[in-house]
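A.B. asks: I have a structure I would like to understand better, so I am pasting it below and will then ask my questions one at a time.
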Amino acid sequence: KDARIIVIDEGDADQVEVLIITKDVFSLSADIDYGDIDRFDVSITDNNILGFGHELRNELLYDAENTPQIGYAGRYRINSLGKSFIRTDFEYVTSEPVDRMGVRLERRFITPEIKWAGGIAVFGDRRERAYVFSDTTVFFDVGQDFQEAWFGRSLVLQEDENARFNLILSGLVGNNDFYERPFVSADTNQAFLDRQLYMVSFGLTKRYYEKGRLIAAFGRTEDIPLGYAAQILLGYEVNELYSRNYWGAKLEA
């Protein structure tokens, strides 16, 4: 849950003693999401499987109106694959309204020292949707295969002992293919068009940290990020009927 690292200088020019004090927390947790007696979810999570730091979440989904009434959702997460800071997620869901399976590998810019980042995701998803009209509700199934890959490069423009100024360049390619969907046309159900998305972004960040407590958590020492980030997004989507441009901008301080 928390850690203190204390450097003890005993006057030796060649070495110091390092004292590390940790506070552990129980890795098992349970949660109940209760709507009523006919609809609720129960989950059990272990955040440290066999001491490896892997996470396993198991969730039972109960809905008396579905057939079958009991569904399952599971996720296995490796927070750092082989000490590489690559987070790996395996996800599996089977129930009446949703069936989903896939894997995601992602390495983010966790620290300013990380120069390369990226990720890849492959998912299959089928779920029940509904159109609600004034006099009736129409249910239909939607199934799709989704693939996505992105990469990024961080360049240090300026650095001192308190802060870093970085330029971050990144690109993304995404693909959605629907194998089950309602009727689509130029003016009907455009959300279910097969499409490919291409994006690039340019960002500037300046970040430094200050230690604090009781801001994002209770009783835990926190490294609070301060500074600013500016980003420009440019994209191009190609779908079955037409192509379109995308752009966006974001400023955080």
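The values are calculated or read from the model by the stated rules, or taken from the named source; none is laboratory data. Note that the coordinates shown come from a computational prediction; the quantities given were computed from them, not determined experimentally. Positions of Cβ are generated from backbone atoms using ideal geometry, with glycine treated the same way; all protein chains shown enter the neighbour counts. Surface areas here come from the heavy atoms of the whole protein model, side chains and all, with no ligands, DNA or RNA. Shrake-Rupley method; radii C 1.70, N 1.55, O 1.52, S 1.80 Å.
A.B. asks: Could you give every pair whose Cβ atoms fall below 9 Å, whose first residue belongs to region 1-26 and is of a type in the set (A, V, I, L, M, F, W, C), and whose second residue is in a loop (DSSP other than H, G, I, E, B), counting only separations of at least 6 or pairs across chains?
C.D. replies: What qualifies is Ala3/Thr221; Val7/Val16; Ile8/Val16; Val16/Asp9; Val16/Glu10; Val25/Lys1.
A.B. asks: Name the residues in region 156-186 that are buried (at least 17 other Cβ atoms within 10 Å of the Cβ) and touching a helix residue (DSSP H, G or I) at 6+ places or on another chain (Cβ under 7 Å), would you?
C.D. replies: Phe178, Arg181, Val184
A.B. asks: A further question follows. Can you name the strands (runs of 3 or more DSSP E) wholly within region 59-151 that have at least 2 residues being among the aliphatic types (A, V, I, L, M)?
C.D. replies: Where strands (runs of 3 or more DSSP E) fall fully within region 59-151 and carry at least 2 residues being among the aliphatic types (A, V, I, L, M), they are 70-78, 98-107, 116-132.
A.B. asks: Within the bounds of region 240-253, is there any residue that is exposed (fewer than 10 other Cβ atoms within 10 Å of the Cβ), outside any strand (DSSP E or B) and of a type outside the set (S, T, N, Q)?
C.D. replies: Within region 240-253, one or more residues are exposed (fewer than 10 other Cβ atoms within 10 Å of the Cβ), outside any strand (DSSP E or B) and of a type outside the set (S, T, N, Q).
A.B. asks: All but one of (1) at pLDDT 90 or above; (2) among the acidic types (Asp, Glu); (3) exposed (fewer than 12 other Cβ atoms within 10 Å of the Cβ) hold for Glu113, so report the exception by its number.
C.D. replies: (1)
A.B. asks: Collect the residues in region 208-235 that are farther than 28 Å from Leu157 by Cβ and among the aromatic types (Phe, Trp, Tyr), keeping them in residue-number order.
C.D. replies: Phe218
A.B. asks: Of the residues that sit in region 33-58 and are small (Gly, Ala, Ser) and part of a strand (DSSP E or B), which one is least open to solvent (accessible area, probe 1.4 Å)?
C.D. replies: Ser43
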